[in-house]
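The block underneath contains the structure these notes are about, expressed in structure tokens.
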Amino acid sequence: MVEVLLRVENLYKHFGGVRAVDGVSFSLSWGERLFIVGPNGAGKTTLVNLISGYLKPDRGRILFKGEDVTGFGLAERVRRGIARSFQLVTVFDNLTVAENIAVSVASRLGRNRVAYRTLSSYRDVVEEVERVLEIFELEDVAGKYPTELSQGDRKILDVALTFSLKPSLIILDEPTSGVATRDKRSVMERLVKAFDVAGVSSIVVEHDMDIVFKYAKRVMAMHEGRVLADGDPASVKGDEEVKRILLGGVYA
Amino acid sequence: MVEAFRREAGNSLAALAAIIIVLGAAYPILRFIAPGYAIYLTYGVIWSIAALGFNILYGYTGLLSFGHAAFIGIGAYTVGLTIKYLGLKELEVMLLVAMAASAILALIVGPVVLRYGGIFFAIFMLAVGQILWGFYLKFYHVTGGTDGIKIGRVELLGFELGGVGYLTYLTAYHYYVLAVAAVAYITMWYIVNSPLGYSLKAIRDNEVRAIALGINTLQLKLVAFTISAVYTGLAGALLAPLTRLVSPELAYWFVSGKIVFMTILGGASYLVGPIVGAIIYTYLESIAMGYTIYWYLLLGILIIAVMILSPKGLMYLVDSVAARSRLRWGAWSRSS
């Protein structure tokens, strides 16, 4: 029981006649990384919205660290350690990369109200900022403004802000969307490496199959609100239904 | 690592120190070469405290207030009323009471007006200012109405200055104001570089994201609003002994506009911007007023010119000239 971080039991969410999530169950261990794949409208984003608290399920339970969080709002889930980032990058454009992260770190340490000391005089804040910069390989751009960064670095900064809150589970919705094709791999590689170093669990919704099969240890394929297959990349790739619906013969 | 926290020259402690020294040294020089203009330096320093307070809200939190005259009025009337009804003489006590009164007003009004952003906040604050202006005007048995309240000489640091010459009194008052301003400037430097200051900048850039990072944005905006009110109230209180008359005019919306003007003139994205803007505006106003009754027109043209030529204010010009010279020297040293 202790090893299970997140358990999703029989989750249902229908929008009118659309069965966005239709009886999904799975569990996630501490430190585990799960990729969710599926065609448009498969219910991937709805599922992560249910887990992160942006939507309430019609039926089913969500257990996080053994606690039933189904009825909890967004803020309560963030406080318990569920954090997510969105498809669009949202960072603070008039603060440098280091300052962006420092704001997040100061928030986690509960120092937002301190007005009599400079932020950069806090040794623990600066050390934590340096650690996050190093983990995400952002040291070289620490003094730059987000508008001066590549789209890939902006995306990584966005995730780094969420990461700085030290959540137990990070949910990423299409982290490589909008990133130039040649940068997609390096972005995903840096994210995956950072999560492994910190031992943080993650759920990643991703469209790009090449990337998924390169970086995944566990893949969950969805279609029309249901789980088609869940397991290691090879077995998911080998699944007949997955081949027919998702891969369209490309990988056959 | 330290470089990763940006420190533009216009935001540095060194720039503040330089400004304080200039404001101290310029006074005797002006007294000597242009005696009539020396008093405007004192006015300018007082307005700079108000503009600095306004800018923690505008430049750092992204909230534009069109009603900061409300706090100028609170500060000035605190001095007027405590002299008139309590017979107080010590200015230090009056300043503290004025700051407390401004904070109380901010804490009453803030939780309501801060729920609104953008133009709604601006208009809401305009209304608050005008309500207080109406109060000073109509409660004439307390406030003296349009006649206002006359202010005699006040005691500075416990010194009775009734017997000294008027010019000596003005000189003493200038350095008193400058000392208060120096404390206010340096305190503001700490505030904008503190975790609070950075969190406010985060709210300005993207409030939704700030909330997602667990920042209680409404609470922090209330803190910023209160700091802003205390600074502006302090300026109002310092103004009273210099104008020697506290009247509703000090709380009129035109004064709110003036504070906005000063801040934008100097540059809202720089810590020293509002200070530079306040000093320059005060002189421009006094000079323009002396030449023509159409001085509103002159100042209007000026602000339009600044908005076109340097939308980020005069400090931006200074900053970009400095950056250009850095660039030129960099290129020169590379080619050599």
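The values are calculated or read from the model by the stated rules, or taken from the named source; none is laboratory data. Just so you know, these numbers come straight off a predicted model, no measurement behind them. Counting neighbours? That spans all protein chains shown, and the Cβs are built from the backbone with ideal geometry, glycine included.
Scanning segment B:1-53 for residues that are of a type in the set (Phe, Trp, Tyr), more than 14 Å from chain A (Cβ to nearest Cβ) and either surrounded by 16 or more Cβ atoms within 10 Å (Cβ to Cβ) or within 29 Å of B:Ser256 (Cα to Cα) (or both) gives B:Tyr27, B:Tyr37, B:Tyr40, B:Tyr43, B:Trp47. Restricting the search to segment A:79-99, which residues are closer than 24 Å to B:Ala4 by Cα and among the aliphatic types (A, V, I, L, M)? Result: A:Val89, A:Val91, A:Leu95, A:Val97, A:Ala98. Name the residue, out of A:Val219, A:Val205, A:Val192, that is more than 13 Å from A:Ile36 (Cβ to Cβ) and surrounded by 16 or more Cβ atoms within 10 Å (Cβ to Cβ). A:Val192 is the lone residue from the list that is more than 13 Å from A:Ile36 (Cβ to Cβ) and surrounded by 16 or more Cβ atoms within 10 Å (Cβ to Cβ). Kindly indicate whether A:Phe64 is in contact with a strand residue (DSSP E or B) (Cβ under 9 Å, 6 or more places away or on another chain) and within 12 Å of A:Met222 (Cβ to Cβ). Here the answer is no, as A:Phe64 does not meet what is asked. Among residues of segment A:222-252 being more than 30 Å from A:Gly16 (Cβ to Cβ) and buried (at least 20 other Cβ atoms within 10 Å of the Cβ), the one that is modelled with the lowest pLDDT is A:Lys237. Looking only at residues of segment A:119-142 that are modelled with pLDDT of 90 or more and facing chain B (nearest Cβ under 7 Å), we find that the one that is farthest from the chain's Cα centre (by Cα) is A:Leu119.
Residue count for segment A:76-99, restricted to those that are outside any loop (DSSP other than H, G, I, E, B) and either facing chain B (nearest Cβ under 7 Å) or touching a Leu at 6+ places or on another chain (Cβ under 6 Å) (or both): 7. Residues in segment A:100-118 that are surrounded by 22 or more Cβ atoms within 10 Å (Cβ to Cβ), out of contact with any Phe, Trp or Tyr (no Cβ under 6 Å at 6 or more places or on another chain) and at the interface with chain B (Cβ under 7 Å from one of its Cβ atoms): A:Ala102, A:Ser104, A:Ala106, A:Ser107, A:Asn112. For B:Leu161, the conditions (1) surrounded by fewer than 14 Cβ atoms within 10 Å (Cβ to Cβ); (2) in a loop (DSSP other than H, G, I, E, B) are fulfilled apart from (1). Residues in segment B:188-223 that are at the interface with chain A (Cβ under 9 Å from one of its Cβ atoms) and of a type in the set (Lys, Arg) were compared, and the one that is surrounded by the most Cβ atoms within 10 Å (Cβ to Cβ) is B:Arg209. Among residues of segment A:64-87 that are over 16 Å from B:Ala210 (Cα atoms), those with a beta-carbon under 6 Å from a residue that is among the acidic types (Asp, Glu) and at pLDDT 85 or above at least six positions away or on a different chain give the pairs A:Gln87/A:Asp173; A:Gln87/A:Glu174.
Could you tell me whether B:Gly148 is more than 14 Å from chain A (Cβ to nearest Cβ) and either surrounded by fewer than 16 Cβ atoms within 10 Å (Cβ to Cβ) or among the aromatic types (Phe, Trp, Tyr) (or both)? Reasoning before the result, please.
Working: more than 14 Å from chain A (Cβ to nearest Cβ): yes; either surrounded by fewer than 16 Cβ atoms within 10 Å (Cβ to Cβ) or among the aromatic types (Phe, Trp, Tyr) (or both): no.
So B:Gly148 does not fit the description; no.
A single member of A:Lys184, A:Lys214 is part of a helix (DSSP H, G or I), without any contact (Cβ under 8 Å) to a residue 40 or more places away in the chain and more than 30 Å from A:Ala98 (Cβ to Cβ), and it is A:Lys214.
Any residue in segment B:177-187 that is within 9 Å of chain A (Cβ to nearest Cβ) and closer than 18 Å to A:Ser121 by Cα?
Yes, because at least one residue in segment B:177-187 is within 9 Å of chain A (Cβ to nearest Cβ) and closer than 18 Å to A:Ser121 by Cα.
Listed by position, the helices (runs of 4 or more DSSP H) inside segment B:217-336 whose residues that are touching a Leu at 6+ places or on another chain (Cβ under 8 Å) and touching a residue at least 24 places away in the same chain (Cβ under 8 Å) number at least 3 are B:217-243, B:253-266, B:273-291, B:295-309. If you check A:Ser186 against the conditions, is it small (Gly, Ala, Ser) and within 20 Å of A:Arg84 (Cβ to Cβ)? No, not satisfied.
May I ask you to list pairs of residues, at least six apart or on different chains, whose Cβ atoms are under 9 Å apart, with the first in segment B:141-154 being β-branched (Val, Ile, Thr) and the second being assigned to a strand (DSSP E or B)? Between residues of segment B:141-154 that are β-branched (Val, Ile, Thr) and residues that are assigned to a strand (DSSP E or B), the close pairs are B:Thr143/B:Ile149; B:Thr143/B:Val246; B:Ile149/B:Leu245; B:Ile149/B:Val246; B:Ile151/B:Leu245; B:Ile151/B:Val246; B:Val154/B:Glu90. B:Phe66 meets each of the listed conditions (1) assigned to a helix (DSSP H, G or I); (2) over 14 Å from B:Ala240 (Cα atoms) apart from (1).
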